[in-house]
Amino acid sequence: MQEQEITQNESVAEEKYAVVKGESITELPKDLYIPPDALEVFLDAFEGPLDLLLYLIKKQNLDILDIPVAEITRQYMSYVEIMKTIKLELAAEYLVMAAMLAEIKSRMLLPRQTAGDEEDDDPRAELVRRLQEYERFKKAAEDIDQLTRLHRDTYLVSAEPPELEVKVQPPAVELKELWYAFRDVMERAQMFADHSVERELLSTRERMAQILVVLQEEKFSDFIALFDVAEGKMGVVVTFSAILELLRQSIIEIVQHEPYAALHVRKVA
């Protein structure tokens, strides 16, 4: 007897490889095999019991103000049973709504005392009001979701400009510019001309040294500031000759900030 019971228990343990729809699989498949009804996909997702009711009403194009409570209750309970079957976590709100639908259904079956109280005592009134309010908020939420959203539809873009080293080259000074500046100085020197006769003490070499002393103290010097118009034409000529000699020897250079601007003299490094 004991040997027979052990044999029966081993055979029962070996038979059940899997259970599909309540049926036991006693033989292992030779290849990968999935029974036709072994997999169920539940695509509809609802935010709550009101969302499920609104879905059922719109699915059948029903009038929300005249809800067939019996049919809606039947469909609602079938969805609840599906959720139980696939072992979804069933919130208490769905069960509360099921109880409310059952209550409304029972109240609809009770006879009314007078015809005038039919509209005032409609058991569906509170449910209709909640459904209409939920539908308005759901539509508003869908409209807001269609608005452009940062990090979903649009993205902020930032870029740092490259560091560019801009070097402004001063324009080259032409000879005519130098001549125009010398002409202006000569015109000013004529205003201080006199007829005194005396021994000329001016020297080009000395004036070159004086110009270099001035440029040693200042980085830039105005071209016109190097001339002393009080010395007359001779002094202006000697100063101009000294500047030309320094330019020839590449000791100084004449620069200009922009075209037609004032001329400046600086010492070559």
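The values are calculated or read from the model by the stated rules, or taken from the named source; none is laboratory data. What you see is a predicted model; the values in this text were computed from it and never measured. With ideal geometry, Cβ positions are generated from the backbone for all residues, glycine too; neighbour counts draw on all protein chains shown.
Of the residues making up the range 248-269, just one is among the hydrophobic types (A, V, I, L, M, F, W, C), closer than 9 Å to Phe223 by Cα and touching a Ser or Thr at 6+ places or on another chain (Cβ under 9 Å), namely Val265. Go through the residues of the range 246-261 one by one and say whether even a single one is aromatic (Phe, Trp, Tyr) and surrounded by 10 or more Cβ atoms within 10 Å (Cβ to Cβ). No, every residue in the range 246-261 fails to be aromatic (Phe, Trp, Tyr) and surrounded by 10 or more Cβ atoms within 10 Å (Cβ to Cβ). Set side by side, the residues Arg152, Arg136 differ, and just one is assigned to a helix (DSSP H, G or I), on the phi < 0 side of the Ramachandran plot, outside the structural domain of Gln256 (by TED's automatic domain parsing) and among the charged types (D, E, K, R), which is Arg136. Filtered by the rule that a residue be surrounded by 18 or more Cβ atoms within 10 Å (Cβ to Cβ) and of a type outside the set (Lys, Arg), the range 205-220 gives Met208, Ile211, Leu215. Of Ala225, Ala242, which residue is among the hydrophobic types (A, V, I, L, M, F, W, C) and surrounded by fewer than 14 Cβ atoms within 10 Å (Cβ to Cβ)? Within the list Ala225, Ala242, the selection yields Ala225. Per the conditions (1) at pLDDT 85 or above; (2) in contact with a Phe, Trp or Tyr (Cβ under 7 Å, 6 or more places away or on another chain); (3) not hydroxyl-bearing (Ser, Thr, Tyr), the sole criterion not satisfied by Leu244 is (2). Taking the range 141-192 as the range and being surrounded by fewer than 10 Cβ atoms within 10 Å (Cβ to Cβ) and of a type in the set (Val, Ile, Thr) as the test, the residues that pass are Ile144, Thr148, Thr154, Val157, Val166, Val168.
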